[in-house]
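The values are calculated or read from the model by the stated rules, or taken from the named source; none is laboratory data. Keep in mind that this is a model prediction, so the values were computed, not measured. Cβ: placed from backbone, ideal geometry, glycine included. Neighbour counts: every protein chain shown. SASA here: full protein model, heavy atoms, side chains in, ligands and nucleic acids out. Shrake-Rupley method; radii C 1.70, N 1.55, O 1.52, S 1.80 Å.
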Amino acid sequence: MVYQFQLQSHIEYFQNIDLYRTIGQGELDKSLLEEVEEERQLKKEYSIAALFTLDQLKKMLAIEGIVQEKRLILISSHNHDTALFKQDGFYCYFDSNSKYGEQAKLTSDEVAEFIFLSNNFDSVRPSPIGFRMFSFEDMVGYPKQSEVLQRIGIVSDIPMNNDYGYGDSGLMLA
């Protein structure tokens, strides 16, 4: 429960960081260094991003080692940040813009659907989504990004249209 509260606090802070500090959107780990005890510093462990269809995102989230237990996961799109936390095999998804806020005890497929819903993405259009995994604990191993993307069928990171997702690529979100 402590992790979930930390996750929600950090995501709200990061979503509106320009109201609190002069740190840019891609620097969550730097924004927290001054605010935590020396032995409890938040560490960025891993990032992966691409232009995902809903089916590709579902496949990625189901890959063992991508979403690990007790990790704070920031999910970014072209204009919105949400968060994910996994504990005891269940997922907790947080969207500060949703009237529901936190959705708990979800499957990985439901998380993927919430990510697309939160960003108003079309399920069949490749959509820019980035994941950054953070932890206060010792770092763990993750699969290689290139192997994960190849396994789920990501063939291009070039947006087809600048009117959709602001033309952002996965590389821009990584």
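Numbers below:
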quantity: Selection from the range 123-144 of residues that are over 21 Å from L54 (Cβ atoms) and small (G, A, S); calculated: S135, G141
quantity: Subset tally (residues that are touching a helix residue (DSSP H, G or I) at 6+ places or on another chain (Cβ under 6 Å) and in a helix (DSSP H, G or I)) for the range 40-59; calculated: 3
quantity: Subset of the range 107-155 [in contact with a Ser or Thr (Cβ under 9 Å, 6 or more places away or on another chain), open to solvent by less than 60 Å² (accessible area, probe 1.4 Å) and not in a helix (DSSP H, G or I)]; calculated: N119, F121, S123, P126, S127, P128, I129, G130, F131, R132, M133, G153
quantity: Every pair of residues 6+ apart whose Cβ atoms lie under 6 Å, when the first sits in the range 69-93 and is farther than 17 Å from S108 by Cβ and open to solvent by less than 10 Å² (accessible area, probe 1.4 Å) while the second is aliphatic (A, V, I, L, M) and assigned to a loop (DSSP other than H, G, I, E, B); calculated: none
quantity: Identity of the residue in the range 107-122, out of contact with any strand residue (DSSP E or B) (no Cβ under 8 Å at 6 or more places or on another chain) and under 11 Å from F52 (Cα atoms), that ends up modelled with the lowest pLDDT; calculated: D122
quantity: Count of residues meeting criterion [of a type outside the set (A, V, I, L, M) and closer than 23 Å to D122 by Cβ] in the range 57-90; calculated: 9
